[in-house]
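Have a look at the structure below, then the notes.
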Amino acid sequence: MKDESNILNSTIWSQILDLNSFIQHNITVQNEGKTLEFKDLCSKWGDECFQNDILELGEMLPGFEAGTSRIDYPASFSTTTYKVLLTGHFLGGLEFEPNSTTLVKSAKTMLLFYFLASQSSPEERKL
């Protein structure tokens, strides 16, 4: 049976963060005799892998759950990181507050991306 829970709660969000961490730190591949992790293969800005910024929405969840802050559609503003979080792109199965088309009440799914570098030679990858 499919779980129809609202993912915008601290318990489920913690599981999403655990999954994200697992993907980034525990999945490896072998290439030319080397063991590579996500950090070796990811697309980077400077020295940092691109991250799933939508995960910053988790910092807003205590206020959202308490009813003191809101999550907007199609974009919400993080007062912690001052980033615009594209809720319309990353969240699915949305339910809105009564008489609203922009105030999110719940979400059933989330889309996460793990961008990989596209360089083809070891010199370009700096492995």
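What follows is calculated from the coordinates using simple rules that are stated; it is not laboratory data. The shown structure was predicted, so the numbers you read here are calculated from the model rather than taken from an experiment. Glycine gets a Cβ as well: all are built from the backbone with ideal geometry, and neighbour counts include every protein chain shown.
Taken over the C-alpha atoms, the range 1-109 has Rg and Dmax values of 16.6, 59 angstrom.
When the helices of the chain are scored as -39500 (n - 2.57) per DSSP H run of n ≥ 4 and the total is divided over every residue, the value at 222 nm lands at -7000 deg cm²/dmol.
Across the options 42, 100, 6, the greatest Cα extent toward the positive end of the charge dipole of the chain (unit charges at beta carbon of Lys, Arg, Asp, Glu) belongs to 100.
Overall, the range 10-117 carries a charge dipole of about 160 debye about its Cα centre when +1 sits on the Cβ of Lys and Arg and -1 on the Cβ of Asp and Glu, all other atoms neutral. Taking the chain as the region of interest, the number of lysine pairs whose Cα atoms are within less than 30 Å, with members eight or more places apart or on different chains, is 12. Length, then width, then depth: along the principal axes, the Cα atoms of the range 17-59 run 40, 24, 10 Å.
Would you please state which residues of the range 34-65 a label at residue 21 would reach in this model, taking the label point 7 Å out along Cα→Cβ and a backbone N cut-off of under 20 Å? Correct set: 37-40, 49-62. Sequentially through the range 103-113, phi angles give Karplus couplings (6.51, -1.76, 1.60; θ = phi - 60°) of 9, 6, 9, 7, 9, 9, 9, 9, 9, 10, 10 Hz, Gly and Pro residues having no value and appearing as x. Counting only alpha carbon atoms, the long axis of helix 10-26 and the longest principal axis of the chain meet at about 10°. The distance separating the Cα centre of the range 11-75 from that of the range 87-120 comes to 14 Å.
When the charge dipole of the range 10-117 is built from unit charges on Cβ atoms (+1 for Lys and Arg, -1 for Asp and Glu) and taken about the Cα centre, the candidate among 78, 61, 111 whose Cα reaches farthest toward its positive end is 111.
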